[in-house]
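The structure appears below as structure tokens.
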2 protein chains.
Amino acid sequence: MTSPEPTPDAKTAGSNSSSDAKTAADLIITRCTALVHDDQEQIGFVEDATIVVRGGRIEAVTTGPVDLPAAERIDARGQVAMPGLVNCHTHAPMVTLRGIAEDLPIEEWFNDFVWPIESNLQEKDVELGARLACAEMIRGGVTCFADHYFSMDTVAAVTDESGMRANLGQAFFSSQGAEGQEQSLDFALRHRDTAGGRITTSLAPHAPYTVDDADLAATAELAREHGLFVHIHASENRDQADTSLARHGRTPIEILADTGLLDTDLLIAHGTGIMERDLPVLARATGRVAVASAPRGYLKFAWPTTTPVRALHELGISVGLATDGAASNSSLDVWESMALTALVQKFTEGDPRRLTSRQALHHATLQSARAVGLGEEIGSLAPGRRADIILVDLTGPHTQPVHDLAATLVHSARSGDVRTTIVDGRILMRDRELLTLDVPDIVREMNERMPALIDRSHGKRIQDYDT
Amino acid sequence: MTSPEPTPDAKTAGSNSSSDAKTAADLIITRCTALVHDDQEQIGFVEDATIVVRGGRIEAVTTGPVDLPAAERIDARGQVAMPGLVNCHTHAPMVTLRGIAEDLPIEEWFNDFVWPIESNLQEKDVELGARLACAEMIRGGVTCFADHYFSMDTVAAVTDESGMRANLGQAFFSSQGAEGQEQSLDFALRHRDTAGGRITTSLAPHAPYTVDDADLAATAELAREHGLFVHIHASENRDQADTSLARHGRTPIEILADTGLLDTDLLIAHGTGIMERDLPVLARATGRVAVASAPRGYLKFAWPTTTPVRALHELGISVGLATDGAASNSSLDVWESMALTALVQKFTEGDPRRLTSRQALHHATLQSARAVGLGEEIGSLAPGRRADIILVDLTGPHTQPVHDLAATLVHSARSGDVRTTIVDGRILMRDRELLTLDVPDIVREMNERMPALIDRSHGKRIQDYDT
């Protein structure tokens, strides 16, 4: 394995912090290759690395053996340790509808299938869906997800049970009246910093085409008043942006600016409809604005554009990786989103030098952490950060030989190569075995409930897609 | 698991053929869901299927238990049996250079890295590369590959050792003089129908931009004289087509027509530069012409177009799935090529209804079999066909629940879900364990030889990329 860029800072990072070297660490991972960031956030690799975890945080990333007792040790020879992946925008419980509406335009997908079915949705469906989604994400090396859905009390309980980290927001439409926004706020305040700090929260207006300007402005006010993060779909595709311009004379991004949302800490889902005229608007944002990109779904819906990663990068806006819900995306595979982001950006920019593997890994680590408001807590293997770590096996024939480890990770490895997933220092999957969730049980119960859930004979829907 | 399309013919197919019901079968696979094709080649699924294998061929695909002794039985509950995938265009030994030249345009990739390094290539490098490639392909559910490279005697020996099926061609350039073509013919004749029939062969001119018209015409003559298949790169990208038009007044496809190659059984690699004017030319072809598409590499090189699958389909031209070599594609993951073909075609056609999952599976099965000249032998689970079968585990959280099994296979399952790979009735991988190749051994020896192989200080290259 090669280590193309020396990372002297990282190699010794934390080695002086072993003041309590005599007390046992919680977890020590030995003999891995560790993906680290230097002071300029350049990605490098430390070979024969040891990672010491204590109190849910990384205490040290050093080289060679560490003479320290530990409650648990993992020998990670042949494996790369990297920050857990972050799914920056999903609707976890929608895994229940994976494959229910295939090969359709988004209008028919929403109006004929998803929104009619969601009018049947019970708490128990959300619970089972969230459990299955967490199982899928943990198996795919995802340690944190940003969820935007209904019945979020249930999703919060499942997040806690699963051991994952999440930023959760209770979605609302203006069609719900004042109650929607109130419930979103209530959820955000009650669940903030729960599950031992693993749950953070957002206000979650659905989108500028389903939430009116007054409600968006009220959301911005509430966000400022309570110090809350906001998570919203906006300019999801070019059609939405065009329709917004035709109806309101403003793009969805301009509506976010006008309603004050760009002056909050804001996560925008998708943004494939972001236009040239939106760029100066985004440049003037005073909040920490980020965009979550889920490229598989854009291809599947045949949208003509993708998230403008280069333009956003030039504005200093983080682009995090995401999958959206599995009902559209078929998968919660963030590893695939990483590879597809690299491939699709090369294609759309017409430049094979764009979005190198190291840039893709930067999106997958620090930028995704920032996108979900956790830029200081997760996203790198550095002393003081939360111990959200995955171990990736590179001994398979499809990841050998290794000439360029960053390229191997992005373009040759797959989510199934993640062997071990750790959140806050706790092992949630060890050698591909899930430790907090029972998949056969979940699937059995889900399938029993399916006929009632997918019945569309009532002719109702929770909302109309009409951007 | 649902079986959306009844397939009455398939359900009883072969059930009357058990004339020798008293003698033991070689292999019986029970309790799987079998992917089958009906008389119109529509894909359906037979639940609780039993597959009987004898003498390397499928004897029956039926439902429920079969009262027959068998040398070997596989209980495949929760798994889908489908035809093994076919990698319709690759350069297997190039896995050795996976990641050596990243994020570069094709000119630099060829001229600065690949062709200088290939001037160092020894038989042993080809042998180790081919072994690692076969290991990767068997693990990814690939049972057959079409290879176009150098030192093909060695690749043939490794194919035999690995247990895989392959169509092999010794590549040549006109710059080699008459010897290149002679060696390609000699290889094709010596190895045709060897390895118990698992190896078929091609004449393998490199491309119209490296092989002159006289040599292409001679290839067409030789193909007709000896009843040989031809495998060539042509109109790989739009630049090549434009350059060909500027230099010769003809597209690469028109050159294939003028030199008689479209009147042979011809496999064209890539064809992303196929133009509107090429379509009537292809329509007039009297040979069985097919195209191999490897969409990952096209995105990675930022080529502006992809293989025009819809237009080729309308001409009745099969499009098989491929990965190209791992030095450009990073991977020999044909499962990923299947998913990317569906996604990229939706995007380029601007139509989410195009290239449905069932169409993608048709490309992965019958069309890929036809593309490599084995349309009557492999590509479907039907009595009389070669027993090239893979078993795909769908019990993982990422492939549950199943509302649409075709969509689950194409968009949710991954190559790592293939648990068992069978060629000619012989098990090459059982429950993820490779039975014919030793990966750690191969990788160790490969890495020892790597410094000599990748040395570019000599300044030589085997060819110039100058379309």
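The values are calculated or read from the model by the stated rules, or taken from the named source; none is laboratory data. Keep in mind that what you see is a predicted model, and the values were worked out from it rather than measured. Note: ideal-geometry Cβ built from the backbone for every residue, glycine included; neighbour counts use all protein chains shown.
In table form, for the structure just shown:
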| read-out | value |
| --- | --- |
| Matching residues in region A:258-283 - criterion: being touching a Ser or Thr at 6+ places or on another chain (Cβ under 9 Å), part of a helix (DSSP H, G or I) and within 20 Å of A:Glu221 (Cα to Cα) | A:Leu261, A:Leu262, A:Asp263, A:Val281 |
| Members of region B:115-165 that are under 17 Å from the mean Cα position of the chain (by Cα), among the charged types (D, E, K, R) and more than 24 Å from B:Arg370 (Cα to Cα) | B:Arg131 |
| Flag for A:Phe187 being more than 21 Å from A:Ile253 (Cα to Cα), at pLDDT below 95 and away from chain B (no Cβ under 14 Å) | no |
| Subset of region A:34-66 that is without any contact (Cβ under 8 Å) to a residue 24 or more places away in the chain and out of contact with any Asp or Glu (no Cβ under 9 Å at 6 or more places or on another chain) - its residue that is surrounded by the most Cβ atoms within 10 Å (Cβ to Cβ) | A:Thr50 |
| Test: residue in region B:44-56 that is among the polar types (S, T, N, Q), more than 30 Å from A:Ala406 (Cβ to Cβ), modelled with pLDDT of 95 or more and within 24 Å of the chain's Cα centre (by Cα) | no |
| In region B:264-287, residue surrounded by the fewest Cβ atoms within 10 Å (Cβ to Cβ) [restricted to those that are among the hydroxyl-bearing types (Ser, Thr, Tyr) and farther than 21 Å from B:Ala302 by Cα] | B:Thr286 |
| Tally of residues being among the hydroxyl-bearing types (Ser, Thr, Tyr) and within 9 Å of chain A (Cβ to nearest Cβ) across region B:289-305 | 1 |
| Filtered residues of region B:402-438 (kept if over 19 Å from the mean Cα position of the chain (by Cα), closer than 20 Å to A:Ala413 by Cβ and hydroxyl-bearing (Ser, Thr, Tyr)) | B:Ser412 |
| Residues located in region A:107-122, provided they are surrounded by 17 or more Cβ atoms within 10 Å (Cβ to Cβ) and either in contact with a helix residue (DSSP H, G or I) (Cβ under 8 Å, 6 or more places away or on another chain) or free of Cβ contacts under 8 Å to residues at least 40 places away in the same chain (or both) | A:Trp109, A:Phe113, A:Val114, A:Ile117, A:Leu121 |
| Any hit, region B:81-104, residues being more than 24 Å from B:Arg296 (Cα to Cα) and in contact with a strand residue (DSSP E or B) (Cβ under 8 Å, 6 or more places away or on another chain) | yes |
| Top-ranked residue in region A:106-157 [being among the β-branched types (Val, Ile, Thr) and within 14 Å of chain B (Cβ to nearest Cβ); ranked as farthest from A:Arg385 (Cα to Cα)] | A:Ile117 |
| Scan of region A:51-105 for residues that are within 13 Å of chain B (Cβ to nearest Cβ), closer than 30 Å to A:Ser330 by Cα and part of a loop (DSSP other than H, G, I, E, B), ordered by number | A:Arg98, A:Gly99, A:Ile100, A:Ala101, A:Glu102, A:Asp103, A:Leu104, A:Pro105 |
